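Heads up, the thing below is written out as structure tokens.
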Amino acid sequence: MTEYSHRDLTRTVRTKIEPCCDDDEVTEHGCGYDGTDCWVWTGAIDRDGYSVIKMKGKTTPAHRYVYKKLVGEIPPEFEIDHLCKGHRNCVNPAHMEAVSKTENSLRANHRRHHEGYRRSQ
């Protein structure tokens, strides 16, 4: 798994990110994914629980912004799937995957119907 550093982001963005837990608290259904912390967005959150940031006068999802900056472009027809069990306010690119809308919906439905799934905001 590729590791990313929020220190590679601008100060404005970096100051709105906070790791959610210590390494020993990262669990399959808690805060974290694949042994790494979520990067909890402490800035603005939209009504659906997603992180948002205003850049150059335009409001954009912060998780998409961070993904583009640290990973690369997202194909126009793709969405970002949060792999960390639905933590919509996580902006750690290691916890995200660009997938088709269909795949994102299938994964969300799968998670909703399996024990242990929880959506936190």
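What the table below lists for this structure:
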{"item": "Cut-off 9 Å between beta-carbons: net charge of the residues surrounding H82, Lys and Arg +1, Asp and Glu -1", "result": "0"}
{"item": "Coordinate range along principal axes, alpha carbons of segment 49-118, Å, largest first", "result": "41, 22, 19"}
{"item": "Cα centre as origin, Lys/Arg/Asp/Glu Cβ charges: segment 6-112 dipole, Debye", "result": "760"}
{"item": "Net +/- balance of residues flanking E103 in space, Cβ distance below 12 Å, scoring K and R +1, D and E -1", "result": "-2"}
{"item": "Potential extension, E77-D48 segment - 0.36 nm per residue separation minus Cα distance", "result": "8.4 nm"}
{"item": "5 angstrom amide H check on W39, placed H, neighbours 5+ away", "result": "V91, N92"}
{"item": "Contour minus Cα-Cα distance for T2 and R14 (0.36 nm per residue)", "result": "2.4 nm"}
{"item": "For segment 6-112, projected area of the alpha-carbon convex hull averaged over all directions, nm²", "result": "7.0"}
{"item": "Integer Hz, Karplus 6.51/-1.76/1.60 couplings in order for segment 44-55, x for Gly and Pro", "result": "5, 10, 7, 5, 9, x, 8, 5, 9, 9, 9, 10"}
{"item": "Selected from V40, I17, P76, residue furthest toward positive end of dipole (segment 6-112; charges at beta carbon)", "result": "P76"}
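Taken together, the values in this text are just the output of simple stated rules run on the coordinates, not laboratory data. This structure is a prediction, so every number in the text was calculated from the model and none was measured. Neighbour counts run over all protein chains shown; Cβ positions are idealised from the backbone, glycine included.
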